[in-house]
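First comes the structure, then the notes that go with it.
Values in this text are rule-based calculations from the coordinates and carry no lab data. Computed from a predicted model, the values in this text were never measured in an experiment. Virtual Cβ from ideal backbone geometry, glycine too; neighbours counted across all protein chains shown.
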Amino acid sequence: MNLHKKKNISLFRKYDEAIMHFKKCLGLTPRNPQTLIAIGFVHALQGNYGQAIEYLHQGLWLSPASSFAQTLLNKCFNMTQSKTYVETLPGLN
């Protein structure tokens, strides 16, 4: 399965399937920054910002010039900070 087909899987909201296929790709090329960033992207789509941050960090370590990964990482950080803030507001627990 090629990378474009896997991207299409994530577009059809088959996120778990997309992650499974990307992880298979990592088995073949463990240090592929595009695959790590793609996994981070799918996790972000699912709202799993902590997981997304982990994979995006790994991808950026290998490919620091990826503006997509840098932007997405910032958005994930912002989402985790705002979510934490909202959860700590009085009366919302």
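Values computed for the structure shown
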{"read-out": "Global geometry of segment 12-63, whether rounded, prolate or oblate, following the gyration tensor of its Cα atoms and the 1.5 cut on a/c", "value": "oblate"}
{"read-out": "Karplus-derived 3J(HN,Hα), 6.51/-1.76/1.60, for each residue of segment 15-27, Hz, glycine and proline x", "value": "5, 4, 5, 4, 4, 4, 5, 5, 5, 5, 4, 5, x"}
{"read-out": "Computed FRET value (nearest 0.05) for Trp61 with Gln81, which takes r as the C-beta separation and R₀ as 35 Å", "value": "0.95"}
